[in-house]
1. Within the range 92-112, does at least one residue satisfy the condition of being closer than 30 Å to residue 44 by Cα and part of a helix (DSSP H, G or I)?
2. Could you tell me which residue of the range 270-297 is farthest from residue 92 (Cα to Cα), considering only residues that are of a type in the set (S, T, N, Q) and surrounded by fewer than 19 Cβ atoms within 10 Å (Cβ to Cβ)?
3. Given the structure, is residue 421 touching a helix residue (DSSP H, G or I) at 6+ places or on another chain (Cβ under 8 Å) and either closer than 26 Å to residue 99 by Cα or buried (at least 24 other Cβ atoms within 10 Å of the Cβ) (or both)?
4. Out of all the residues in the range 316-330, which are in contact with a Phe, Trp or Tyr (Cβ under 8 Å, 6 or more places away or on another chain) and of a type outside the set (Phe, Trp, Tyr)?
5. Could you check, for the range 377-398, whether at least one of its residues is over 17 Å from the mean Cα position of the chain (by Cα), under 30 Å from residue 66 (Cβ atoms) and not in a helix (DSSP H, G or I)?
6. Name the single residue, out of those in the range 237-263 being exposed (fewer than 10 other Cβ atoms within 10 Å of the Cβ) and more than 22 Å from residue 444 (Cβ to Cβ), that is modelled with the highest pLDDT.
7. Which residue out of 187, 146 is crowded, with 21+ Cβ neighbours inside 10 Å, in contact with a Pro (Cβ under 8 Å, 6 or more places away or on another chain) and touching a residue at least 24 places away in the same chain (Cβ under 8 Å)?
8. What are the residues in the range 34-65 that are over 29 Å from the mean Cα position of the chain (by Cα), modelled with pLDDT of 90 or more and either surrounded by fewer than 15 Cβ atoms within 10 Å (Cβ to Cβ) or assigned to a helix (DSSP H, G or I) (or both), if any?
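The values are calculated or read from the model by the stated rules, or taken from the named source; none is laboratory data. What you see is a predicted model, and the numbers here were worked out from it, not measured in a lab. Cβ placement follows ideal geometry from the backbone for every residue including glycine, while neighbour counts extend to all protein chains displayed.
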Amino acid sequence: MAINLKNQKTPEKKSKEKRFAMPHIYVILFLFSAVAAILTYFIPAGTFEEVTGPEGRTTIDPESFQAVEQNPTGLVDFMMAIPLGLVDAGEVVFFTFIIGGMFMVIRETGIIEIGVDRLTRRFENKSIAVIPVLMVLFAVLCSLIGTQELSLVYVPVILPLLIALKYDSVTAAGIALISTTAGFTAGVLNPINTGLGQKIADLPVYSGLGLRAALFVIILSTGVAWVVRYAKKVRKNPEESLTYKEDKEKREMYASADNMQRRSMNMKQKYAVAATFTFFGILVYGVLAQGWFMLEMSGLFIIMGIVVGLIAGLTTTEICEGFNKGFRDVLVGAIIVGVARAVAVIMEEAQIMDTVVYGLGTAVEGLPVMFSATGMFFIQFLFNFLVPSGSGQALVTMPIMAPLSDIIGVTRQTAVLAFQLGDGLGNIFYPTSGYFMATLALAGVAWQKWVKFYFPLLLIWLAVAFAFLVIAQMLQWNG
């Protein structure tokens, strides 16, 4: 019997491949939690005094840091960290479940497939134009309202279209995450990072518009170019896709227009489409005018799934089963959000979080004046791993960084810019970022594969951030 040695892998090769396999994301996050617990035995505990800041928000007094009694993480504390993380991140966890369930119900009505069919036929010969159009739209919106979490809404909507246009899940995730991050980071009129950071730093709100607008253009342009480059490669050779195997079912579900018969909507489906757009109009109004966030959006999405499903002719059982199927599809991503939160829970319970902030702030004082702003940036970027919330990071770090900037010769406007850049760029890199991991779950993209896609762009963006901060420091930019 002939043996084909060419296609066989030797035991040594198999062993080597297995040895270098990337650990599961649960393992990575568990190790992060374990390291945080060990550090509680070596990092002194300390606290800042909390005071009332802008708009009644709780912030800290940068002059009030004091050491407190050591409170290292014990075995029971470590055992409770992940459950407490799930509780603390409950808003994001359940938002992820609900949006996954709602979109599955809408998919069961058939209107998504019909919409994808029509859009695919329209853009079949100029499909690449879809990418910059969507990214500019999403980036502008995020730069104005500062809601990166809308990526969770965008991905389920655009994913079927992009698969039908012969792209992949990474392209869909890239469009949503990179565009919103570009808009959020530059923060032209972003109340979450620019507005709050400037209030804490005692600067005119939204001052320094010109430099931030230039930053927005450059970051977004490089982001669009990066996604377009990858998308063209995937369309030319689908096997180049980072999620080629994972997308097999999606490619079968959303077959391209040239393989499908033209679909038409019945009257019930037309009414369902009208209801869907009405609900999205309510969503935009609620976010922009009423300050809605995840809880309000979750409630709206539950009602939306039920109403649209009934209008389209689904039975109550079919609607319930649609929600269940959607919940299962995003289960891993939702749980990851809570597991990632365990790192911050451990550091907060052991009271070493404030110590870390104080130590990082003090470290900046020893840097040469020319690189003080970039030092602030890297500290904010590293701290983003622990506190991925923009407003949360502003309230913890800016009360320290603002007065520190006066001491080391950095303008407060530059200090705010360093905070924006350090906070924004890490939001779609660190697995502790809840909305980011939930978005990847909705797209069906593993964190490890996203890092492979995003990391080179992150290096480019870090270079852009470095250049802008050095220029701002040289000009003593103060808006």
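1. Here is the first cut: in the range 92-112, the residues closer than 30 Å to residue 44 by Cα are none.
For the range 92-112, residues closer than 30 Å to residue 44 by Cα and part of a helix (DSSP H, G or I): absent.
2. Only one residue tops the list, namely 278.
3. Working: touching a helix residue (DSSP H, G or I) at 6+ places or on another chain (Cβ under 8 Å): yes; either closer than 26 Å to residue 99 by Cα or buried (at least 24 other Cβ atoms within 10 Å of the Cβ) (or both): yes.
Considered against the rule, which asks whether it is touching a helix residue (DSSP H, G or I) at 6+ places or on another chain (Cβ under 8 Å) and either closer than 26 Å to residue 99 by Cα or buried (at least 24 other Cβ atoms within 10 Å of the Cβ) (or both), residue 421 comes out as yes.
4. Of all residues in the range 316-330, those in contact with a Phe, Trp or Tyr (Cβ under 8 Å, 6 or more places away or on another chain) come to 326-327, 330.
If the condition is that a residue be in contact with a Phe, Trp or Tyr (Cβ under 8 Å, 6 or more places away or on another chain) and of a type outside the set (Phe, Trp, Tyr), then 326, 330 are the ones that fit.
5. no
6. Looking at residues that are exposed (fewer than 10 other Cβ atoms within 10 Å of the Cβ) and more than 22 Å from residue 444 (Cβ to Cβ), I get 262.
7. On the way: 187 fails: in contact with a Pro (Cβ under 8 Å, 6 or more places away or on another chain).
Every option except 146 fails the conditions.
8. 41, 42, 44
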